[in-house]
Amino acid sequence: MKKIAVFPGSFDPITRGHENIIKRALPLFDQIIIAIGENQDKKSFFPLEKRIGFLNHVFKNEPGIVIAKYSGLTVEFCKKVDAGYILRGLRTSADFEFERSIGQVNKKLLPNIETVFFLTTPEFTAITSSVVRDIIRHGGDPSQFVPDGLIFS
Ligand code: ADP
């Protein structure tokens, strides 16, 4: 059976932190589905199609990676795509508290799902999509925090 992991998130936009987690996780799975959750309550900075475009660009040479979008519960999406694993990154203890709750609830909702956590590599701990958005909003250069080759204008 193929080992499929879903990496859910907003990716608004993808950062070097996300990219690092995905590349480190690749050897563990046959396929990683990077899944952008459409959240009705949360207005995104970049439109969905743009965020998908960034992800397609970054992983265009990675056959093990699929880009997708979903709405509704992450576990329902996992069932639909036959994924046995959810991938998440941990930067800080605050991430841990947040992720613990979601991971435990997801396990109740779908008992055969396992959430796999990757600890952030130290140099990526401070990178968040929201910091990148602030830099862009104020006309700064975010290139050291995002994967190579992304064009934001
Ligand atoms: P969400 O809206 O679910 O928080 P994000 O796109 O912000 O989605 O993050 C998706 C996943 O990537 C989360 O597990 C988050 O902890 C992880 N992540 C975000 N930034 C980093 C980083 N700099 N290093 C490692 N993991 C990260």
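If you take the Cα centroid of segment 23-40 and the Cα centroid of segment 106-152, the two points sit 13 Å apart. Applying 0.36 nm per residue to the separation of PHE45 and ASP30 and subtracting their alpha-carbon distance, the gain on full extension is 2.2 nm. FRET efficiency for LEU119 and ASP148, Cβ-Cβ distance as r, R0 = 30 Å, nearest 0.05? Efficiency for this residue pair is about 0.80. According to the calculation over all Cα-Cα pairs in segment 4-137, the P(r) per 10 Å bin from zero is 12, 43, 39, 6, 0 %. Computed with a 1.4 Å probe over protein heavy atoms only, the accessible surface of segment 4-137 comes to 54 Å² per residue. Ignoring ligands, DNA and RNA, what percent of the accessible area of the chain is carbon or sulfur (1.4 Å)? The value for the chain is 54 percent carbon and sulfur by accessible area.
Rounded to the nearest 20, the Cβ-based charge dipole of the chain about its Cα centre (Lys and Arg +1, Asp and Glu -1) stands at 260 debye.
Surface listing: PHE152, PHE77 arranged by accessible area from highest to lowest gives PHE152, PHE77, probe 1.4 Å.
Looking at segment 4-137, the DSSP beta bridges with both ends there are about 0 percent antiparallel.
The values are calculated or read from the model by the stated rules, or taken from the named source; none is laboratory data. Since the structure is predicted, the reported quantities are computational estimates derived from the model, not experimental observations. Because the Cβ atoms are built from the backbone with ideal geometry, glycine has one as well, and the counts that use them run over all protein chains shown. SASA here: full protein model, heavy atoms, side chains in, ligands and nucleic acids out. Shrake-Rupley method; radii C 1.70, N 1.55, O 1.52, S 1.80 Å.
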